[in-house]
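Okay, structure first, notes after.
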Amino acid sequence: MVKSRAFQDGWWLMLITIVCMIGSSALCELFLKNKLGTYAIMIIGELSLVIPFIIGLFMMKKHKNDNCPAKISLGISGFPPEFIPFLLLLPICAQYFSTYVTLPISLIMQILFGVQDQTELVPIPNGWLQMTQAILVLCVLAPIFEEFLCRGVLMTLFRRYGFVVELIGSSAAFALLHFDMQSFIPLFFVGLLLGFIRRSTGSIFASMLVHGANNAFSFAMTLLTNKNALPDNILLTIVLGCAAVFPILFISFLRGCDKYFDWRKDIYCKGDSISGASAALVICVLAFGTINALTIADRIKSGALIDDFKNFNSAMECISLFIRNII
């Protein structure tokens, strides 16, 4: 068995990424809060990912000669155009499929952290300038920079440890990167989908398209819900329909991949390296856990958590409230 430090380097890269994103946002809030809007600050945060990406390229070069049974690359290659409809629809359906699959956990998250206001995550744009900035950051910059980092560099560093470590590790890092416990499981699920598409097509551009479609749909639904543009029965039909279609759509996508790529052989590769422990991973998890624990403690102190718990009198009321919130 060949020992490699690529796993440790990958998590140090994620720690650097978190510091860059939080640091850039903090500096903007401190010095430019009155000059820049929320989306302008988000743009700067995404652009800050250039720093860890460059560092990641040096890490990839460092581990280039490590013994690995699979091809190591960022995945800068094209994919058949016939996959585009699948890549646009898969993330939309995956959102609601994951919501219902993880319903019990989501209910617990709502009790611990409260009902999440989507406008806190994605603020409603005020005017055309903010709308343009929102589209730029959500549909262009985030898919490009986050995919190059998570599905490009990180999956490359984790590749030598086998597909399971590669997929789960990069998906967990992607979810941790957003530093929100309530969004962790949905983001982890989306990360699994993005990683699987990246590996099965061999193209990082495919995962970028999926990422952009996912963000665009979430943004559009937030705007429509905020303006009450769609009746609840129509929204519920969309939610249930998307959740039901996802498994069929995903299986059809994989069958399409069989025609063009020898992806199964690549995925079933178990790797030949031992990852070992990672201090950076421990730091990321502790920081993530501490911030969210402080949020819960604050809710307990204010009495909000107890009040929310009392509101969930029965399982049916929990599910009913949750469904109303997600639509």
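Of the conditions (1) closer than 24 Å to G162 by Cβ; (2) modelled with pLDDT of 90 or more; (3) in contact with a helix residue (DSSP H, G or I) (Cβ under 6 Å, 6 or more places away or on another chain), I72 clears all except one; give me its number.
(2)
Which residue is nearest to L176 (Cα to Cα), if the candidates are limited to the stretch 249-263 and must be crowded, with 16+ Cβ neighbours inside 10 Å and aromatic (F, W, Y)?
F250
Suppose the filter is more than 21 Å from P91 (Cα to Cα) and not polar (S, T, N, Q); does A297 pass it?
On the way: more than 21 Å from P91 (Cα to Cα): yes; not polar (S, T, N, Q): yes.
In short, yes.
Taking the conditions exactly as written (surrounded by fewer than 16 Cβ atoms within 10 Å (Cβ to Cβ), of a type outside the set (V, I, T) and either in a helix (DSSP H, G or I) or without any contact (Cβ under 8 Å) to a residue 24 or more places away in the chain (or both)), does G289 satisfy them or not? Steps first, answer last, please.
Working: surrounded by fewer than 16 Cβ atoms within 10 Å (Cβ to Cβ): yes; of a type outside the set (V, I, T): yes; either in a helix (DSSP H, G or I) or without any contact (Cβ under 8 Å) to a residue 24 or more places away in the chain (or both): yes.
Yes.
Return the residue satisfying two criteria in turn: it lies in the stretch 249-272 and is modelled with pLDDT of 75 or more and among the small types (G, A, S), and of such residues it is nearest to P125 (Cα to Cα).
Filtering the stretch 249-272 down to residues modelled with pLDDT of 75 or more leaves 249-265.
Then drop every residue that is not among the small types (G, A, S), which leaves 252, 256.
Working: S252: 37, G256: 38 Å.
Checked the stretch 249-272; the qualifying residue nearest to P125 (Cα to Cα) is S252.
Can you confirm whether the stretch 122-134 contains a residue that is surrounded by 20 or more Cβ atoms within 10 Å (Cβ to Cβ) and closer than 30 Å to N65 by Cβ?
No - not one qualifying residue is present in the stretch 122-134.
Restricting the first residue to the stretch 188-215 and requiring it to be at positive phi and assigned to a helix (DSSP H, G or I), which pairs with a second residue that is of a type outside the set (F, W, Y) and surrounded by fewer than 24 Cβ atoms within 10 Å (Cβ to Cβ) meet a Cβ separation below 7 Å and a spacing of at least six or different chains?
Here the result reads none, with nothing in the stretch 188-215 linked to a residue that is of a type outside the set (F, W, Y) and surrounded by fewer than 24 Cβ atoms within 10 Å (Cβ to Cβ).
State which residue is modelled with the lowest pLDDT when the search covers only the stretch 122-139 and only residues that are not polar (S, T, N, Q) and not in a helix (DSSP H, G or I).
The selected residue is V122.
Can you find a residue that is more than 20 Å from the chain's Cα centre (by Cα) and buried (at least 18 other Cβ atoms within 10 Å of the Cβ) anywhere in the stretch 85-99?
Residues of the stretch 85-99 that are more than 20 Å from the chain's Cα centre (by Cα), as a first pass: 85.
Add one more test, that the residue is buried (at least 18 other Cβ atoms within 10 Å of the Cβ), and what stays is none.
Among the residues of the stretch 85-99, not one is more than 20 Å from the chain's Cα centre (by Cα) and buried (at least 18 other Cβ atoms within 10 Å of the Cβ), which makes the answer no.
Filter the stretch 264-284 down to the residues that are assigned to a helix (DSSP H, G or I) and crowded, with 17+ Cβ neighbours inside 10 Å and list them by number. Don't jump to the end; show me each part of the working.
Initial filter on the stretch 264-284 (assigned to a helix (DSSP H, G or I)): 264-267, 279-284.
Correct list: A280, L281, C284.
Mind checking which pairs have a first residue in the stretch 161-177 that is of a type in the set (D, E) and a second that is surrounded by 24 or more Cβ atoms within 10 Å (Cβ to Cβ), Cβ under 6 Å, 6 or more apart or different chains?
E166/M155; E166/F158; E166/R159
Can you report the number of residues in the stretch 144-174 which are among the aromatic types (F, W, Y) and surrounded by fewer than 24 Cβ atoms within 10 Å (Cβ to Cβ)?
Within the stretch 144-174, the first condition is being among the aromatic types (F, W, Y), and the residues that meet it are 145, 148, 158, 161, 163, 174.
Narrowing the set further to residues that are surrounded by fewer than 24 Cβ atoms within 10 Å (Cβ to Cβ) leaves 145, 148, 161, 163.
Summing the residues that are among the aromatic types (F, W, Y) and surrounded by fewer than 24 Cβ atoms within 10 Å (Cβ to Cβ) in the stretch 144-174 gives 4.
Could you check how many residues of the stretch 59-69 are surrounded by 13 or more Cβ atoms within 10 Å (Cβ to Cβ), out of contact with any helix residue (DSSP H, G or I) (no Cβ under 7 Å at 6 or more places or on another chain) and either closer than 17 Å to G152 by Cα or at pLDDT 90 or above (or both)? It would help to see each step written out before you state the result.
Narrowing the stretch 59-69 to residues surrounded by 13 or more Cβ atoms within 10 Å (Cβ to Cβ): 59-60, 62-63, 66, 68-69.
Cutting the leftovers down to out of contact with any helix residue (DSSP H, G or I) (no Cβ under 7 Å at 6 or more places or on another chain) gives us 62, 69.
In the following step, the residues that additionally are either closer than 17 Å to G152 by Cα or at pLDDT 90 or above (or both) were identified as 62.
Total meeting the criteria: 1.
Out of the stretch 172-186, which residues are closer than 22 Å to W12 by Cβ and part of a helix (DSSP H, G or I)?
Scanning the stretch 172-186 gives A172, A173, F174, A175, L176, F184.
Exactly one of (1) surrounded by 14 or more Cβ atoms within 10 Å (Cβ to Cβ); (2) more than 20 Å from the chain's Cα centre (by Cα) is unmet by G78. Its number?
Tallying (1) surrounded by 14 or more Cβ atoms within 10 Å (Cβ to Cβ); (2) more than 20 Å from the chain's Cα centre (by Cα), G78 fails exactly one: (1).
Answer with yes or no whether F246 is surrounded by 12 or more Cβ atoms within 10 Å (Cβ to Cβ), under 18 Å from L103 (Cα atoms), at pLDDT 80 or above and of a type in the set (F, W, Y). Give the steps one after another, and end with the answer.
Numbers: surrounded by 12 or more Cβ atoms within 10 Å (Cβ to Cβ): yes; under 18 Å from L103 (Cα atoms): yes; at pLDDT 80 or above: yes; of a type in the set (F, W, Y): yes.
In short, yes.
Here is a check on your reading of the model: is F184 under 18 Å from the mean Cα position of the chain (by Cα) and under 19 Å from T17 (Cα atoms)? Walk me through how you get there before you give the answer.
Details: under 18 Å from the mean Cα position of the chain (by Cα): yes; under 19 Å from T17 (Cα atoms): yes.
Taking the combined requirement at face value, the residue satisfies it.
The values are calculated or read from the model by the stated rules, or taken from the named source; none is laboratory data. Here the structure is a predicted model, which is why all the values come from computation and not from measurement. Neighbour counts run over all protein chains shown; Cβ positions are idealised from the backbone, glycine included.
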